[in-house]
Amino acid sequence: MKLIKDVRIIDYKKDTYGHVLISDGKIRKIFESLDNVELLDTEIIDGKGLCILPSFIDMHTHLRDPGFVYKEDLKTGQKAALKGGYTTLCTMANTKPVCDNEKTFKYILDKSKDLNLCDIIQISALTKGQSGKEIVNLESLLKFTNLFSDDGHTIYDEEIMKEALKLSKRHNFKVLTHCQPEYEIVDRDLKLLEKIGGNLHICHISLKKTIEKIKEYKDKGHKFTCEVTPHHIFKSNIDYKVNPSFRNKEDKKALIDGIKNDYIDVIATDHAPHSKEDKVKGSPGISLIEIAFSMALKVFKENNISLNKLSKLLSYNPAKILGLKSGLIKEGYTANLVLVDLDEEYKIDTSTFLSKGKNNPFNKETVNGRVKMTIKEGEILYSH
Ligand code: NCD
Ligand code: ZN
């Protein structure tokens, strides 16, 4: 058993002080006071001055394994994630080979099981080879996942998108879309959703007019979800190659307002590690999973958005969307937790990244909110 003692406890629904008892991988009990509590064989973790949150769940991570392990591999990516406070990752299918077949699924899931670090929910490509032409063999892949995405390869063919939405309803899976051009494809997909129904999650939106479109359809009562990245709410007008691009000040403000007004469901990192050489050659993407929480926290503090809301977007909503019994600090829930110092300031230093990808434009920027410890199923898997 472990007791995290004298700690501020925050999740989407609470912000309080107390003591969290963990046993058998679960949150056993939350005590307001330890008077009359007998603690035998209990490891005490001093939480004074710290805050405990549900660990973070990333719905959009690129781990590059198999095929591009010089950029990242399953071990380095998951170590980096744990350092960032994440214990569950939805990993994108743009590996080599593309994850559109049983063999690649087995490789990723078996290797991750052996590593015993994060929980990996591997995303399948939506179309064979992410070529946008033919939907993958669902029958063989639905036993591994209920998430399907071609990510960076936008589904340009409307007929394929229609079919994907129909099938998502029939087989109860989610279609995750990366839309380029963003506004036009989101507009098309929401029109299709209105007609056909289905389970749609829109990835990393970045434009004011996209959020306005999303607002229009959510206000009409349509059910779908969407995400933003930490970098699009952190900075605007930066000349650094990433998909979608950094946008202007008004776009950034609209995303933050979208968070305030509950039109944005999830913050997902889009952690996209690359080598120095690939970046020079023009590969888009930012390596950021180990600092994503600090980046988001800075934005939330500056805009007076509550920590409850932050926990909602980093943990509660992703858990709900993925159907996981985590994302809250609640008795009986899985003890997936992160201990943070909300006030500790530090300078981002890409040379200390555990990720192989040091590609990040925020080097030397000051942020606050340091992850001190990451606990998965009751076990300490990272400690600062
Ligand atoms: C993605 C990657 O590197 O896998 N990069 C990114 O900037 N988001 C691919 C992509 O979505 O274009
Ligand atoms: Zn993408």
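The values are calculated or read from the model by the stated rules, or taken from the named source; none is laboratory data. Remember, it's a predicted structure, so these values are computed and weren't measured experimentally. Cβ placement follows ideal geometry from the backbone for every residue including glycine, while neighbour counts extend to all protein chains displayed. Ligands, DNA and RNA are excluded from the accessible area calculation, which covers all protein heavy atoms including side chains. Shrake-Rupley method; radii C 1.70, N 1.55, O 1.52, S 1.80 Å.
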Out-of-range pairs (alpha-carbon distance over 18 Å; input 75/235; 111/358; 281/358; 209/249): 75/235; 111/358
Neighbour cut-off at most 15 other Cβ (10 Å), DSSP loop, chymotrypsin sites (Phe, Trp or Tyr not before Pro), the stretch 29-80: 70
List 157, 65, ordered by accessible area with a 1.4 Å probe, largest first: 157, 65
Trypsin sites (Lys or Arg not before Pro) restricted to the stretch 186-232 and DSSP loop, no more than 11 other C-beta within 10 Å: 220, 223
Structure-based [θ]222 nm, the chain - -39500 (n - 2.57) summed over DSSP H runs of at least 4, per residue, nearest 500: -8500 deg cm²/dmol
Stretch gain in nm, segment residue 103-residue 15, where the contour uses 0.36 nm per residue and the Cα spacing is subtracted: 27.2 nm
The stretch 324-383: GluC sites (Glu not before Pro) falling in loop per DSSP and having at most 12 other Cβ within 10 Å: 331
Radius 12 Å from Cβ of residue 270, net charge of other residues (Lys, Arg +1; Asp, Glu -1): -3
Dipole magnitude (debye, nearest 20) for the chain, charges at Cβ of Lys, Arg, Asp, Glu: 420
Residue-count net charge about residue 176 - beta-carbon cut-off 12 Å; Lys, Arg +1, Asp, Glu -1: -4
Phi to ³J(HN,Hα) by Karplus 6.51 cos²θ - 1.76 cosθ + 1.60 over the stretch 82-98, Hz, x for Gly, Pro: 4, 4, x, x, 9, 10, 10, 10, 9, 9, 6, 8, 7, 8, 9, x, 4
All lysines inside 23 Å of residue 5 as judged from Cα atoms, apart from same-chain residues fewer than 8 positions distant: 13, 14, 26, 29, 48, 83, 330, 372, 376
Principal-axis tilt of helix 102-115 within the chain, Cα atoms, nearest 10 degrees: 20
Inverse of mean 1/r across different Cα pairs in the stretch 278-335, Kirkwood, Å: 13.6
5 Å-binned pair-distance histogram of the stretch 108-248 (Cα, whole percent): 2, 9, 19, 20, 19, 14, 11, 5, 1, 0
Hydrodynamic radius (Kirkwood) for the chain, which is based on Cα pairs only, to one decimal in Å: 21.1
Local net charge near residue 42, Cβ-Cβ under 10 Å (Lys/Arg +1, Asp/Glu -1): -1
Amide proton proximity set for residue 9, modelled H, under 5 Å, gap of 5+: 16, 17, 18, 52
Cα-projected label distance for residue 306 with residue 276, points at 7 Å along beta-carbon direction, nm: 4.7
For the stretch 344-351, Karplus couplings with θ = phi - 60° (6.51, -1.76, 1.60), whole Hz, Gly/Pro x: 5, 8, 8, 9, 4, 9, 5, 5
Principal-axis tilt of helix 158-171 within the chain, Cα atoms, nearest 10 degrees: 40
Whole-angstrom gap from the stretch 30-68 to the stretch 217-235, using each part's C-alpha centre: 27
Residue-wise HN-Hα coupling along the stretch 308-324, computed from phi with Karplus coefficients 6.51, -1.76, 1.60 (Hz; x: Gly, Pro): 4, 5, 4, 5, 4, 7, 8, 9, 5, 5, x, 4, 5, 4, 8, x, 9
Largest-first principal axis extents of the Cα set of the stretch 173-234 (Å): 35, 24, 20
